[in-house]
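Below is one structure, written out as structure tokens; comments come after it.
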Amino acid sequence: MHCKIDHHSHYSLLCPTSNRLTDAQDYQETGMTSYQTFYQQSINEPETFWGREAARIHWHKPFDKVLAYDNPPFREWFAGGLTNLCYNAVDRHLAERAEQTALAYVSSETGIETGYTFRELHAEVARFAAILQAQGVAKGDRVLIYMPMIPEAIFAMLATVRLGAIHSVVFGGFAPASLATRIEDASPTVLVTADAGMRGGKVIPYKPLVDEALGYAGASAPAKVIVVNRGLAEAPMMKPGRDLDYDTLRDAHLHDRADVTWVESSHPSYILYTSGTTGKPKGVQRDTGGYAVALAASMDYIYGGKPGECYFSTSDIGWVVGHSYIVYGPLINGMTTLVYEGLPVRPDAGIWWQLVEKYRVSVMFSAPTAIRVLKKQDPAWLHKHDLSSLRALFLAGEPLDEPTATWIAGELNIPVLDNYWQTETGWPMLTLCNGVEKKDVKFGSPGLPVYGFNVKLFNESTGQEVGPGEKGVIGVIPPLPPGCMSTVWGQDQRFVDTYFSLFKDKLVYSSFDWGIKDDDGYYTILGRTDDVINVAGHRLGTREIEEAVSSHSAIAEVAVVGVEDSLKGQVPKAFAVVKNPALLDDPASRAALEKEVIARVAAQLGAIANPARVYFVNQLPKTRSGKVLRRSIQALAEGRDPGDLTTLDDPAGIEQIRQIIQQ
Ligand code: ATP
Ligand code: MG
């Protein structure tokens with residue numbers, strides 16, 4: 001079956017005049033006019049629902065069964081079907097949009113700005129696949145990609161899946177030890193890297209880190225290392241017989257093109273590690289067909305991006321957002337993906353908005369942490385550019401606090417939507433699907449369960465579902481929808497044990513996040529279950545206290561952790577960054593501010609939630625993906641070792657906390 005590609009956006013996002021969407025052909029044919037009916041069908045009749053959505057992608061051979069679910073929690077979406085991610089992202093668009101820019105690339109670090117049409121992207125990717133093939137890469141083999149944000153990184157990803165091989169992208173800049181464990185886990189045939197990355201104008205050599213990691217990796221080390229030499233660092237040391245220069249290979253294979261290898265829908269497309277915020281990165285394995293369908297549908301129902309338009313995600317290909325919404329989602333949907341290497345504040349805080357104007361970006365995706373960085377800058381930067389093309393901004397990765405959401409929504413005057421999801425889920429699990437029905441945003445909440453996800457809140461001890469107003473673990477009743485992880489790479493038992501062992505008597509996927517919902521069914525994330533603070537028997541999410549602290553106008557950002565206390569079990573302690581550090585110069589005003597903050601928490605949440613201390617710091621320790629490392633702050637606050645810091649972005653934050661605690 002060559003399903004007719006029917007991926008035009010039938011659902012105009014955010015139709016301003018009505019909250020029902022115009023033009024919703026397929027969806028209206030089904031008679032569903034509200035999100036509620038749409039969602040219910042996805043849960044009650046998943047085969048009907050996803051069988052219909054599957055027509056959004058190209059199937060080389062039709063599937064026999066929408067869902068094979070004989071061995072829960074393992075499931076196979078679109079069983080028996082043959083497809084290919086690269087074909088859906090690239091080749092399929094050649095007929096209609098060969099001359100459209102597929103990949104626009106801007107590096108504020110190197111000053112390079114370039115673009116590739118779908119025709120050019122196809123040539124680069126099919127050639128890169130031929131190069132990999134010549135190095136022995138075949139279906140099922142792994143290719144490890146340790147690259148900065150350059151077009152070649154995306155060519156390498158697409159080339160890998162073109163061959164039915166499996167990529168494992170490791171965030172560029174991870175230390176050799178982190179890289180080595182990921183190499184060991186994947187045993188790649190080939191590793192693709194570059195001489196260096198660049199951040200804030202500083203060259204960060206990559207190749208020497210690879211050499212060091214390969215020293216540890218032993219038998220799992222790849223036979224070949226392909227090096228893209230950007231000419232940023234000193235000429236990299238090339239080990240004869242192992243290391244190959246990409247430009248030389250590209251010349252040698254200039255006219256070679258590898259064909260698409262059709263793979264089963266359940267064939268792994270990639271392995272990707274979770275961010276390591278809890279110190280236990282898991283190798284998430286993703287399938288092919290289910291992922292492609294899930295992303296294609298999400299472009300319509302969640303993001304409202306139309307083929308031919310430009311999608312700008314500010315993430316990095318090393319994270320799941322980069323996989324789903326820099327590379328695969330926009331391209332599968334026939335959009336131009338804007339790939340940016342650089343910081344949001346360099347050369348100035350207007351750079352993103354300048355790009356939005358120039359590339360007529362219609363959908364943008366970023367993280368709350370980046371918006372908080374911009375919030376500290378002059379808002380005039382936002383108003384210097386014509387942002388009329390931009391219809392919505394999506395933010396994900398960590399809690400989107402109300403002051404930040406209100407600020408950016410006010411400045412941009414477009415909908416700002418919080419997306420809650422995980423590396424494991426591959427696409428949003430809680431958000432508002434404005435492409436189906438426009439609902440009111442409530443800042444501080446990502447909104448409702450996304451179609452396909454049977455989300456519930458559970459009481460951890462009893463396993464009972466809890467109702468509105470009660471806190472619980474956010475869980476999903478399986479089967480998990482298409483696009484979610486298939487298993488932990490090479491460790492099926494670990495998949496079951498890690499994610500489905502919350503309760504003995506029933507299978508529930510645990511998100512390890514703690515939440516609450518209101519009477520309208522809107523969820524609020526209260527923090528990670530690991531971070532829940534238990535004060536004299538009262539359980540508090542870190543987020544609740546953090547929101548209360550950051551509602552004080554002097555506070556820019558805060559992390560709250562539970563610290564062991566002989567009397568109360570635990571007490572909350574807050575680590576806050578102030579907007580104006582000069583405020584802290586005077587010890588009296590510092591003490592006054594601490595008092596004010598504590599009083600504010602007491603007023604909002606009751607005295608039980610009062611932080612025992614509010615420490616003022618210059619920055620919070622964060623992972624490289626921008627998440628607060630609460631476990632390390634907590635460890636230091638309890639006088640313990642901060643644990644695995646390989647995912648830490650800037651050690652200065654942790655150092656300062658170590659010193660403050662010792663004072
Ligand atoms: P690890 O699983 O290795 O400890 P991690 O959980 O940070 O790391 P990711 O998969 O990158 O790895 O992040 C998913 C987590 O990020 C979620 O489980 C949740 O805790 C947090 N998160 C993501 N989006 C949101 C959001 N919109 N609001 C609140 N929290 C969010
Ligand atoms: Mg996690």
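The values are calculated or read from the model by the stated rules, or taken from the named source; none is laboratory data. These numbers come from a predicted model, not from an experiment. Note: ideal-geometry Cβ built from the backbone for every residue, glycine included; neighbour counts use all protein chains shown.
Worth a mention:
- Test: residue in the stretch 489-500 that is part of a strand (DSSP E or B) and either at pLDDT below 95 or within 27 Å of residue 433 (Cα to Cα) (or both): no
- Residue check, residue 549 away from ligand 2 (no atom under 16 Å from the Cβ), outside the structural domain of residue 286 (by TED's automatic domain parsing) and not in a loop (DSSP other than H, G, I, E, B): yes
- Residue count for the stretch 390-407, restricted to those that are in a strand (DSSP E or B), away from ligand 1 (no atom under 12 Å from the Cβ) and either under 15 Å from the mean Cα position of the chain (by Cα) or not small (Gly, Ala, Ser) (or both): 1
- Filtered residues of the stretch 590-616 (kept if assigned to a helix (DSSP H, G or I), surrounded by fewer than 17 Cβ atoms within 10 Å (Cβ to Cβ) and touching a strand residue (DSSP E or B) at 6+ places or on another chain (Cβ under 6 Å)): 608
- Annotation note: of 523, 509, the sole residue that is surrounded by 18 or more Cβ atoms within 10 Å (Cβ to Cβ) and more than 19 Å from residue 277 (Cβ to Cβ) is 523.
- Subset of the stretch 226-240 (residues that are part of a loop (DSSP other than H, G, I, E, B) and crowded, with 17+ Cβ neighbours inside 10 Å): 229, 230, 232, 233, 236
- Some residue of the stretch 358-365 being more than 16 Å from ligand 2 (Cβ to nearest atom), within 22 Å of residue 110 (Cα to Cα) and surrounded by fewer than 22 Cβ atoms within 10 Å (Cβ to Cβ): yes
- Residue 257 vs. criteria more than 20 Å from residue 513 (Cβ to Cβ), within 14 Å of ligand 1 (Cβ to nearest atom) and in contact (Cβ under 8 Å) with a residue 60 or more places away in the chain: no
- All positions within the stretch 80-110 that are within 20 Å of residue 257 (Cα to Cα) and not in a helix (DSSP H, G or I): 83, 84, 90, 98, 99, 102, 103
- Boolean, residue 457 is in contact (Cβ under 8 Å) with a residue 24 or more places away in the chain, surrounded by 16 or more Cβ atoms within 10 Å (Cβ to Cβ), part of a loop (DSSP other than H, G, I, E, B) and not assigned by TED's automatic domain parsing to the domain that holds residue 607: no
- Taking the criterion of being within 16 Å of ligand 2 (Cβ to nearest atom) and assigned to a loop (DSSP other than H, G, I, E, B), the residues of the stretch 281-301 that qualify are 281, 282.
- Residue within the stretch 451-461 that is out of contact with any His (no Cβ under 9 Å at 6 or more places or on another chain) and modelled with pLDDT under 95 present: yes
- Per-region count, the stretch 512-546, residues of a type outside the set (S, T, N, Q), out of contact with any Pro (no Cβ under 7 Å at 6 or more places or on another chain) and in a helix (DSSP H, G or I): 4
- Test result for residue 307, touching a residue at least 60 places away in the same chain (Cβ under 8 Å), in a loop (DSSP other than H, G, I, E, B) and in contact with a Phe, Trp or Tyr (Cβ under 8 Å, 6 or more places away or on another chain): no
- Residue within the stretch 615-630 that is among the polar types (S, T, N, Q), within 17 Å of residue 372 (Cβ to Cβ) and within 16 Å of ligand 2 (Cβ to nearest atom) present: yes
- Residue in the stretch 412-434 that is nearest to ligand 2 (Cβ to nearest atom), counting only those that are hydroxyl-bearing (Ser, Thr, Tyr) and in a loop (DSSP other than H, G, I, E, B): 423
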